[in-house]
Structures are given as structure tokens and as C-alpha cells.
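*Asks:* Quick one: the structure is below, questions incoming.
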Amino acid sequence: MKTFEIQNVKDTRSGFGAGLSELGKTNPNVVALCADLTGSLKMDAFQKEHPDRFFQVGIAEANMMGVAAGMTIGGKIPFTGTFANFSTGRVYDQIRQSIAYSGKNVKICASHAGVTLGEDGATHQILEDIGLMKMLPGMVVINPCDFNQTKAATIAIADYEGPVYLRFGRPAVPNFTPADQKFEIGKALLLNEGTDVSIFATGHLVWKAIEAGHKLAEQGISAEIINIHTIKPLDAEAVLKSVAKTGSAVSAEEHQMNGGLGDSISQLLARENPTPMEFVAVNDSFGESGTPDELMKKYGLEAENVVAAALKAISRKK
């Protein structure tokens, strides 16, 4: 099992802030809109450096999406910023009608996703956002795993023409991807080659999958670990190539089991190569108040859960 060096421990929302700041210096068409959460979204640097291109819309998320859609008509590339719950559930109609339906070049940037939002509780811990966004025709859905990858993804989506949903979070997590790694939308990253089981992970669960890979290696099990940072479009070629070799699969995500990454992979496998598959995700439940670590453990999103799912998937091979 390959070993990954942790460069530092940082939150992914700071990666977004760093990427947005860099875009501000290199792309004059990039503008930023925020719904009264500038500090939480780490948009402070962009606001300070480019006050004429930063728009504080207040607690009016639906209006923010409409304003962003309008700005694209003048050739601007708007990045909207608020919590994932308010970026999707609260404004779904505006995104569907004003952005997705008309293919507007808006980048919907969503922080504090999943249960790792922690003590703010179930009302803020959206676990359905990936499903909501991936069902919209033409919407790209990206969920990077660490600071470096979030920064790279933020920069990359500015060059993509069309609506994008970029999801990230609040907790500090291991930062292990190369700072100079090129981010390719729709291209999965093979982290570790294996022969017994394919583990497809996204977001905060990528590091958990790596930890699980080491635990499985101690049991003599070879896990192939793939970072699916782009949930839509899904890298079908990478998924199918991996399971053709291993014969079993696990998906791991900080999201509802219904509508998430595992849902997309299982649909692909059902059509192309039926394969024993297990899911590490929240099982039809809202979150609750607690520390991120407590909630990850309670809702079965730890490395040990990935290990258990991998062993079960392997046991189901014919």
C-alpha cells in the first residue's frame, strides 16, 4: 500500500479562498458574490484585493443566484459563496430555472457541506446536495479532498464554460495531494493500485479510504483506491477498468447513500458490468449536533467502516 505524505492539516474552504484569490489576479472576468458569509467562505482576500469585483448580497441567496446568472450575460464569471445548504436546497428553483436550464456560466461554491459542519446541527448539515445538483442537466459536480485539490479545482472551473457546483467543507483535514497537481474535470485519480477491491472515494472520505487501504493491507488484502473528485461527469472508464480487475467495489462519501457518488457508480455498473458493491455513506438520516469526529463515527464514515464494506464486497464475489 502506497504511503502518502501529509504536508499539513488544513480546511478545504481555505483552499477555495486561496484559489479565488489567485483567480482574481489572473482573470479579470472573475467576480465573487457572497451571502453574508465572507469570512466563513474565506473570500476575504478577494474582497480586499478586488473590491470592485466583490458583491455582498446579504442573506438573500436566491437573489444572489439571479444576480450571478445575469452577470454571465456581460461576460463575467461569477463565483457564488455560501453554505452548501443555502447554496442548493434554499435556492434550487433559482439554480434550476436561471442557471442550469439556460446553461449560465455560474460557479456555485458551497462550503460547510456534510456532517462535518458539526455543532450547527441537522438544519445546516445538508447531505442531499450532490444528488440535487447532479440531477440538473448540464451541471458539473466537483467534491475535492483536501486544501491543494480544492484550490486547483477552484482555478480550473474558471476555464470551464457552463454551470459548476463546487463542494467543500469546514474541518481541517490532511493535505496530501501535490500542490502543483493539474486538476482535470471528469478525470479520476488512481491513488493506489490493487487487485482485490476497488474503493471509490470523494471529498473528506478520500483520506479515510487511504487509511482503510493500510488496514486492509495488514490483512493481506490489496485495495485499489481511486479519488473521484468529479462526481459528474463521472469517469466511467476509470471505474470500469478498476472493477474489471478487482471484481468488487466500495463507494465512500460524506453524503446520503441515495443520490450520491455510490448511486452514480452503481448505475454504471448495473448497465456495464454488474459487480458486488457496498456503500459507505449516511443511510437515509438527517445529521445532528456534535463534533465532526463524533458525527463521522456515529454515521459510519470512518476508515473502519470502509474496511468492513470492502471485506463484505469481497465476500460477495462469485
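Just so you know, all these numbers are worked out from the coordinates, no wet-lab data involved. Since the structure is predicted, the reported quantities are computational estimates derived from the model, not experimental observations. Methodologically, a virtual Cβ is constructed for each residue, glycine included, from the backbone with ideal geometry; neighbour enumeration extends over all protein chains shown.
*Asks:* According to the Kirkwood expression over distinct Cα-Cα pairs, how big is the hydrodynamic radius of the chain, in Å?
*Replies:* For the chain, the Kirkwood estimate is 19.4 Å.
*Asks:* Separate question: Could you pull out every one of the lysines with an alpha carbon less than 29 Å from that of residue 312, ignoring same-chain neighbours closer than 8 positions?
*Replies:* Cα-Cα hits under 29 Å: 2, 134, 187, 208, 215, 232, 241, 245, 297, 298.
*Asks:* Work through the residues other than residue 222 whose Cβ is under 12 Å from its Cβ and net out their charges, Lys, Arg +1 and Asp, Glu -1.
*Replies:* Charge balance near residue 222 sits at -2.
*Asks:* Let me ask you something else. Quick one: compute a quarter of the convex hull surface over the Cα atoms of segment 8-175 and quote it in nm².
*Replies:* Its Cα hull, projected and averaged over all orientations, spans 8.5 nm².
*Asks:* Using per-residue counts of other Cβ atoms within 10 Å, averaged over each peptide, order 243-255, 270-282 from highest down.
*Replies:* The densest-packed peptide leads the list: 243-255, 270-282.
*Asks:* Please name which of 240, 150, 206 has its Cα lying farthest along the dipole of the chain towards the positive end, using unit charges on Cβ (Lys, Arg +1; Asp, Glu -1) and the Cα centre as origin.
*Replies:* Towards the positive end, the residue furthest out is 240.
*Asks:* Let me ask another. What is the chain's relative contact order, in percent, from Cα pairs under 8 angstrom and six or more apart in sequence?
*Replies:* The normalised contact order for the chain reaches 19 percent.
*Asks:* Suppose every K and R has +1 on its Cβ and every D and E has -1 on its Cβ; what is the size of the dipole of the chain about the Cα centre, in Debye to the nearest 20?
*Replies:* 580
*Asks:* Using Cα centres only, tell me the gap between segment 257-318 and segment 24-54 in whole Å.
*Replies:* 36
*Asks:* Further, regarding this structure: Could you list 165, 160 so that the one with the fewest beta carbons within 10 Å of its beta carbon is first and the one with the most is last?
*Replies:* 160, 165
*Asks:* Projecting each Cα onto the charge dipole of the chain (Lys/Arg +1, Asp/Glu -1 at the beta carbon, about the Cα centre), which of 123, 274, 313 comes out farthest on the positive side?
*Replies:* Projecting each Cα onto the dipole axis, the largest value belongs to 274.
*Asks:* How charged is the neighbourhood of residue 35? Take every other residue with its Cβ under 12 Å from the Cβ of residue 35, and add Lys/Arg as +1 and Asp/Glu as -1.
*Replies:* It works out to a net charge of -1.
*Asks:* Arrange 132, 127, 190 by Cβ neighbour counts within 10 Å, fewest through most, would you?
*Replies:* 190, 132, 127
*Asks:* In what sequence, highest mean first, do 200-213, 227-240 appear when ranked by Cβ atoms within 10 angstrom?
*Replies:* Per-residue Cβ counts within 10 Å, averaged per peptide and sorted highest first, yield 200-213, 227-240.
*Asks:* Ranked by Cβ crowding within 10 angstrom, fewest neighbours first, how are 82, 12, 38 ordered?
*Replies:* If I rank by nearby Cβ atoms, fewest first, I get 38, 82, 12.
*Asks:* If you line up the Cα atoms of segment 189-315 on their principal axes, what length do they span on each, largest first, in Å?
*Replies:* The Cα atoms of segment 189-315 stretch 41, 33, 25 Å along the principal axes, largest first.
*Asks:* How long is segment 121-239 along each principal axis, judged by its Cα atoms, biggest number first, in Å?
*Replies:* Principal extents (largest minus smallest coordinate, Cα): 44, 36, 28 Å.
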